[in-house]
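Heads up: the structure comes next, in structure tokens.
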Amino acid sequence: MAAKLPHALYPLIRKLESVTRLSDEERQAIESLPVRVRTLPAKQDIVRDGDRATQCCVILEGWAYRYKFLAEGRRQIFSFHIAGDIPDLQSMHIPLMDHTLGTMTQAIVAFIPHENLHDITARFPAIAAALWRDTLIDAALFREWLISMGRRPAFEHLAHLFCELYLKQEAVGLAGDHRCPLPITQIDLADATGMTSVHINRVLKEMRGRGLITLHRQTLVVKAWDELVRASEFDATYLHLQKRTAG
């Protein structure tokens, strides 16, 4: 008997089930959503600042990020996104984009029309609640990023971000044993943290020197998880994960 292939929206279901519970009927309803799947190259905008969105996108494979350009080409990145994320979910209710969403790596993306998302959330209140919970957790991440930008020293800031990115991936089965993909350049890290790429390089060198991490070929290995957590005063509560296995 042929093995059953996972549904295209399995990454979304897996993501939602990392932060809440879904019934079989709710999972089937999500699987029934009409999707248009596209493979996009790295560094391509999915939806731009000023666009009026008519659909949301689910990252199925690869990485995406949200950002905004300021004067003279200065860029601020304010979130990284992995498989299962719906980075533009807010466009269901606020269709005018006030920032840009783009791919960091080559990515496979599923597009779902807003009208179908409105329909499924009207018919399945638990799915509406799951998406609302996901949006609230997204806001919690923004609060932590704001604290990092405003108050955490550079070393603590970067260590905190690494803990966050590892746990987010571990929760959906994309990481384990304190090893995870990290296809983020030093320039991307600088634009996400408000540091310079030179400063990022110094902090990474210090982390390696203290035996906390290795970062090679787009793979982060945390060699001393407890020490990295202590150094960043990391508390995973704000991620509101159903299960936590890192330790």
Let me understand the chain better: what is its radius of gyration from the alpha carbons, and its Dmax, in angstrom? 18.2, 59
Tell me the Rg and the Dmax, in Å, that the Cα atoms of the range 12-140 produce. 14.5, 51
Quick one: length gained pulling Arg14 to Met149 fully straight, 0.36 nm per residue minus the C-alpha distance? 45.6 nm
Nearest-0.05 FRET efficiency for Leu96 and Asn201 at R0 = 25 Å, using Cβ-Cβ distance, is 0.10
Rg and Dmax [Cα atoms of the range 87-141; Å; Rg one decimal, Dmax integer]: 12.6, 35
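Given a 1.4 angstrom probe, I'd like the percentage of the accessible area of the chain that is carbon and sulfur, rounded to a whole number.
Numbers: 6540 of 12590 Å².
The computed percentage sits at 52.
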Kirkwood calc, the range 153-239, C-alpha pairs only, radius in angstrom 12.9
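Note down, for the range 149-199, the three equivalent ellipsoid semi-axes (square root of 5 times each alpha carbon gyration tensor eigenvalue), biggest first, whole angstrom. All intermediate terms of the calculation are to be shown ahead of the outcome.
Details: eigenvalues 98, 31, 13 Å².
Whole-Å semi-axes of the equivalent ellipsoid: 22, 12, 8.
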Among Asp191, Asp88, Asp177, residue whose mean-square fluctuation peaks in a GNM of the chain (springs only between Cα atoms under 10 Å): Asp177
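The values are calculated or read from the model by the stated rules, or taken from the named source; none is laboratory data. For clarity, every value in this text was computed on a predicted model and none was experimentally measured. Neighbour counts are summed over all protein chains in view; Cβ atoms, including those assigned to glycine, are modelled from backbone coordinates with ideal geometry. Just the protein is used for accessible areas: all its heavy atoms, side chains included, with ligands, DNA and RNA removed. Shrake-Rupley method; radii C 1.70, N 1.55, O 1.52, S 1.80 Å.
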